[in-house]
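Report on the structure given below.
Just so it is clear, none of the values below were taken in a lab; they were calculated from the coordinates. These numbers come from a predicted model, not from an experiment. Glycine gets a Cβ as well: all are built from the backbone with ideal geometry, and neighbour counts include every protein chain shown.
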Amino acid sequence: MPPAGGDRGGMYAERHGADRRGGTSLLYLASHIRPARTGGERYNLHLLAAAAAAGVRVCECAYSDHPLYRWLAQRCGLWRLCRPFAFLWMQFQIVRHRRRVLLFDAWTAPLVWPGVRLVRGRYLVIAHHLIGDMAEGALRRAWGMAAERGLLRGAAAVLTVSRASRAQILQRTGGRGCVDVIHPAFTPVEGRTRGGGGCVRLLFVGHFTRAKGVEELLQAASGLPRDRPWVVELAGRDDVEPATTARLRQMRRASGLEERVVLHGRLDDAALRERYLCSDIFVLPSHREGYGIVLLEAMACGLAVVATTAGAIPEVVEDGVRGLLVPPGDVAALRDAMARLIEDERLRAALARAGEAFARAHPDWAGMERQCVAWWRSRLPLPAG
């Protein structure tokens, strides 16, 4: 489980202010904090725990915890007011706590800009990957990219999770700012794959979204040879983009893959562990990836990997050594790589062995937290001792 990083201050976090108790006080403003639902949120919780270990007084503040936000989210016809509420809430909190050190996740940039101009140079940013250019509509996309650029340029420092993300951030900011890299850790699934028996099982784990390439995955699956026993399983949240999930179901019916493609949706830890342990191949056709913790989880279980060259994936999966990489969005290349591993059991085993060795040597959460403690001490003025 992620560590308990700080106090849950809600909207009334000022009792942790540096002016009351001396030393450094940090306020993390976010959309959601606990429990961690993604690898990125888990990383953030460990980062907060490291701040506390470094002597920083940490407080957390999430707009999704506010009763009014929850009320709006649960009312049919009023959920559209959630985003305006989140924007106003973030702007208010920035003004209210402008004398404190603030921490933001880069994806909240459209909600905190332009308020962060008030605290320019006095806040920190954690950036797993940038999403400003993913917004739907030209106006929202332009606003998202401008907000990201402004947030990143005004930060005292930015912490990111990979060299690829660092390069993307520096490109977005025109080379301005200090950007540090600390790779995320992961918790290996206990056990090693026993395979799918006589059927080759291919597994995808992640949100059912366009950015994860799930539609390309089903298109590629429709072109796999039907004379071999194989099954593709997708596990992850299917409520993030309902339209994408609906298209997946329609594509499965239209391609006659009802018996070959299983859409599990979200699974608990025990059920997800079982999917890892009875699979042979892991497929991640993402269009962007901050790091790819699920790749490490799959590799640690002894699965061969097919993924794309998007984002930081090549830092985890060396093409031809620890897996097979294809260009993002290239359905034909994805299909060919999947078919190759279905057919070639020896190649599958060789890639799995190399990937497992790499994943097992990866730092654990305790090691990552030690790096984060050093980062906090280098970036914040902390009390002596």
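Given C-alpha coordinates of the chain, what is the ratio Rg to Rh with the Kirkwood estimate of Rh?
Rg/Rh for the chain comes to 0.99.
Ranked highest first by average number of other Cβ atoms within 10 Å, how do 277-283, 151-157 line up?
Top to bottom by mean Cβ count within 10 Å: 277-283, 151-157.
Taking R0 as 22 Å, what's the FRET efficiency between ARG249 and LEU68 from their Cβ-Cβ distance, rounded to 0.05?
0.05
Assuming a ≥ b ≥ c are the square roots of the Cα gyration tensor eigenvalues, decide whether the range 200-360 counts as rounded (a/c under 1.5), prolate (otherwise, with a/b larger than b/c) or oblate.
It comes out rounded by the Cα gyration axes.
Which whole-number percent gives the relative contact order of the chain, counting Cα pairs below 8 Å spaced six or more residues apart?
Dividing the mean separation by the residue count of the chain yields 15 percent.
Among 285-298, 250-263, 317-330, what's the highest-first ranking by average C-beta atoms within 10 angstrom per residue?
Order by mean packing, descending: 285-298, 317-330, 250-263.
Can you list the residues, at least 5 places off or on another chain, whose amide H is less than 5 Å from the amide H of GLY213, using H built in the peptide plane?
Residues meeting the criterion, in which the H sits 1.01 Å from N, are HIS287.
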